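This report concerns only the one structure given below.
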């Protein structure tokens with residue numbers, strides 16, 4: 001892994017974007033485990049951009065920028081932003097003691113919650129358009145809700161759960177997970193649009209929500225009966241792992257600009273995020289069984 005990251009850094013092929021922020025979580029982990037100053041330097045450059053130069057919407061949320069520099073998502077808030085950028089902010093606080101990173105991730109959760117979390121169901125919309133104050137198709141996208149739930153447990157694991165400033169994140173997470181649990185199929189799976197049983201069953205959503213359930217129990221954020229939700233999701237994902245290790249029934253990239261009907265038309269194909277979310281779930285399952 002370090003050689004791949006070093007190759008990108010050596011070639012100066014790293015562009016700063018919200019969607020590309022997860023690369024710097026790897027850089028952070030490399031610095032944590034090796035102590036090499038190069039990784040700390042690259043991380044500090046990135047955090048300077050994220051905190052001071054990354055575009056924000058009028059409501060304070062990061063605009064969801066992509067690695068493609070010709071794509072401009074002005075006033076667009078996407079549900080996967082906190083997984084991509086929030087986790088590295090929280091870990092920068094944990095590892096480097098960066099109070100500015102802590103303040104930013106708490107603020108980002110509040111701003112995203114305000115415009116994406118449905119007050120009635122507790123689930124999150126895929127996208128908020130600040131230009132229209134609308135949600136485009138308004139779908140409760142499965143993997144997106146998985147991103148949000150997984151980001152909550154990852155961030156809270158790094159910043160802690162005792163600080164009163166984190167109570168709103170915890171309450172939001174608990175409300176979301178209560179809603180998701182009610183929509184889980186008996187075999188442990190979730191639909192690609194969570195509350196629409198006419199949409200197909202999808203494994204990246206299943207893995208991410210199962211992971212959030214198991215880790216939420218371990219962190220004391222969820223009651224122990226959520227363990228069943230996580231274990232059922234684990235068995236569902238395992239049932240869709242091919243002999244070569246590929247996780248089946250993972251939806252391909254899903255734009256927030258599509259119609260509601262198009263969510264059920266997204267092709268299914270092996271994806272790295274499907275593999276990664278399955279690994280997170282299975283790792284947490286092993287911790288729970290230890």
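The values are calculated or read from the model by the stated rules, or taken from the named source; none is laboratory data. Bear in mind the structure is a predicted one, so any value in this text is a computation, not a measurement. FYI the Cβ positions are ideal-geometry reconstructions off the backbone, even for glycines, and counts take in every protein chain you see.
Quick notes on this one:
- Selection over region 148-165 of residues that are touching a helix residue (DSSP H, G or I) at 6+ places or on another chain (Cβ under 6 Å) and under 14 Å from residue 113 (Cβ atoms) gives a count of 5.
- Of the residues making up region 132-144, not a single one is out of contact with any strand residue (DSSP E or B) (no Cβ under 9 Å at 6 or more places or on another chain), closer than 25 Å to residue 273 by Cα and outside any helix (DSSP H, G or I).
- Test: residue in region 183-204 that is modelled with pLDDT of 95 or more, part of a helix (DSSP H, G or I), within 18 Å of the chain's Cα centre (by Cα) and closer than 20 Å to residue 56 by Cβ: no
- Odd one out for residue 227, checked against (1) assigned to a helix (DSSP H, G or I); (2) within 20 Å of residue 148 (Cβ to Cβ); (3) out of contact with any strand residue (DSSP E or B) (no Cβ under 7 Å at 6 or more places or on another chain): (2)
The rows are residues; the columns are (1) at pLDDT below 95; (2) surrounded by 13 or more Cβ atoms within 10 Å (Cβ to Cβ); (3) touching a strand residue (DSSP E or B) at 6+ places or on another chain (Cβ under 6 Å); (4) assigned to a loop (DSSP other than H, G, I, E, B).
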residue: 20; (1), (2), (3), (4): yes, yes, no, yes
residue: 27; (1), (2), (3), (4): no, yes, no, no
residue: 33; (1), (2), (3), (4): no, no, no, no
residue: 51; (1), (2), (3), (4): no, yes, no, no
residue: 64; (1), (2), (3), (4): yes, yes, yes, yes
residue: 82; (1), (2), (3), (4): no, yes, no, no
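- Residue 282 surrounded by 12 or more Cβ atoms within 10 Å (Cβ to Cβ) and within 19 Å of the chain's Cα centre (by Cα): yes
- Within region 242-268, residues that are free of Cβ contacts under 8 Å to residues at least 60 places away in the same chain have Cβ atoms under 6 Å from residues that are assigned to a strand (DSSP E or B) in these pairs: 247/241; 249/268, counting only partners at least 6 apart in sequence or on another chain.
- Test: residue in region 69-76 that is modelled with pLDDT of 95 or more and not in a loop (DSSP other than H, G, I, E, B): no
- Within region 235-266, being assigned to a loop (DSSP other than H, G, I, E, B), in contact with a helix residue (DSSP H, G or I) (Cβ under 9 Å, 6 or more places away or on another chain) and surrounded by 15 or more Cβ atoms within 10 Å (Cβ to Cβ) holds for 240, 246, 249, 250, 254, 256, 258.
- Set side by side, the residues 214, 209, 221 differ, and just one is in contact (Cβ under 8 Å) with a residue 60 or more places away in the chain, in a loop (DSSP other than H, G, I, E, B) and in contact with a helix residue (DSSP H, G or I) (Cβ under 7 Å, 6 or more places away or on another chain), which is 221.
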